[in-house]
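The values are calculated or read from the model by the stated rules, or taken from the named source; none is laboratory data. Remember, predicted model here, so these are calculated numbers, not experimental data. Reconstructed Cβ throughout: ideal geometry from the backbone, glycine too, with neighbour counts over all protein chains shown. Side chains included, ligands, DNA and RNA excluded: accessible areas come from the protein's heavy atoms. Shrake-Rupley method; radii C 1.70, N 1.55, O 1.52, S 1.80 Å.
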Amino acid sequence: MVPVHVSIIMDGNGRWAQQRHMPRSFGHKEGAESVRACIEASVEAGVKYLSLYTFSEENWNRPVEEVSGIMGLFRTVMAKERKNLKENGVRFRAIGNLSRLSKPILDDIAALEAYTADCDKLTLMVLFSYSGKWDIMQAVNRYRRDIADGKADADSDIDITGFEKYLSTAGIPDPDLLIRTGGELRISNYLLWQCAYSEFYFTDVLWPDFRKTEFRKALDSFENRQRRYGEIN
Ligand code: IPE
Ligand code: IPE
Ligand code: MG
């Protein structure tokens with residue numbers, strides 16, 4: 001079976017560049033080509049949702065030049081891929097603590113989301129300035145505000161389905177397959193709630209080298225997984 005939702009922790013750009021005695025920014029730029037390849041491979045395979053961990057909340061702590069380089073690259077790629085996304089039926093969405101982003105980036109995001117709003121082959125979610133703990137906290141706080149505003153019932157407990165409506169991924173099915181490139185065996189504060197039953201695929205391949213063939217290998221691995229959800233068959 002093809003996973004409905006594939007999610008990727010795109011790691012290893014810096015090391016890829018270092019191996020070539022190049023600045024880390026070179027790795028990020030090359031990584032953008034892998035993004036394009038994985039979008040294409042997703043459309044070809046019939047994946048419906050592709051979510052990409054592009055910039056974590058913790059990544060704000062990197063040197064200011066690297067952060068601004070990534071911001072600039074994000075804007076460049078959004079502009080460059082605009083037509084391509086639309087033509088391939090790819091709907092773009094950005095998810096994360098976007099209040100930390102500058103106005104020009106927010107404007108670009110809003111424009112691209114609007115431009116691709118009616119695309120329905122694949123939904124591409126770019127998790128930017130995102131962290132799993134942030135997501136859960138913002139959900140709690142929005143729920144609190146809804147209670148204060150009388151929009152949520154103060155007298156009865158919220159259930160799982162009710163709570164999920166407050167997560168930034170509301171309405172999107174949980175990832176079936178979570179890929180992490182770059183060799184680390186950790187989740188780095190990614191989709192903590194949503195990955196409760198995801199199948200994990202870890203590879204040493206660095207993100208700039210993760211192209212269609214590698215993506216298909218991950219899909220093949222998923223084919224052979226037996227998902228039990230705690231049951232016995
Ligand atoms: C992933 O690559 C991209 C971001 C986190 C923005 P890294 O920049 O973390 O690359 P490595 O892990 O240092 O090689
Ligand atoms: C995870 O990579 C975040 C993204 C890929 C956006 P990091 O390179 O930031 O993760 P750690 O620091 O190795 O856990
Ligand atoms: Mg890294």
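Pairs meeting the criteria (first residue in the stretch 207-228 and part of a loop (DSSP other than H, G, I, E, B), second residue of a type in the set (A, V, I, L, M), beta carbons under 6 Å, at least 6 apart or on different chains) are R211/A37. Do we have L167 as open to solvent by 30 Å² or more (accessible area, probe 1.4 Å) and under 16 Å from the mean Cα position of the chain (by Cα) here? Against the criterion (open to solvent by 30 Å² or more (accessible area, probe 1.4 Å) and under 16 Å from the mean Cα position of the chain (by Cα)), L167 does not qualify.
Please go through the stretch 1-34 and give me each residue that is over 21 Å from G132 (Cβ atoms) and aliphatic (A, V, I, L, M), ordered by number. Those that are over 21 Å from G132 (Cβ atoms) and aliphatic (A, V, I, L, M): M1, V2, A17, M22, A32.
Mind telling me which of the residues M71, M137 ends up being within 14 Å of ligand 2 (Cβ to nearest atom), more than 13 Å from the chain's Cα centre (by Cα) and of a type in the set (A, V, I, L, M, F, W, C)?
M71
Residue count for the stretch 36-51 satisfying the condition of being within 12 Å of V90 (Cβ to Cβ) and either among the hydroxyl-bearing types (S, T, Y) or within 11 Å of ligand 1 (Cβ to nearest atom) (or both): 2. Within the stretch 19-56, restricting attention to residues that are more than 14 Å from ligand 3 (Cβ to nearest atom) and among the charged types (D, E, K, R), the residue that is most open to solvent (accessible area, probe 1.4 Å) is K29. Taking the conditions exactly as written (of a type in the set (A, V, I, L, M, F, W, C), touching a residue at least 12 places away in the same chain (Cβ under 8 Å), open to solvent by less than 50 Å² (accessible area, probe 1.4 Å) and assigned to a helix (DSSP H, G or I)), does W16 satisfy them or not? Answer is yes for this residue.
Just one of the listed residues (I187, I172, I179) is in contact with a Ser or Thr (Cβ under 8 Å, 6 or more places away or on another chain), within 16 Å of ligand 1 (Cβ to nearest atom) and not in a helix (DSSP H, G or I), namely I179. Exactly one residue out of I95, I8 is β-branched (V, I, T), within 16 Å of ligand 3 (Cβ to nearest atom), in contact with a Leu (Cβ under 9 Å, 6 or more places away or on another chain) and under 29 Å from G171 (Cβ atoms): that is I8.
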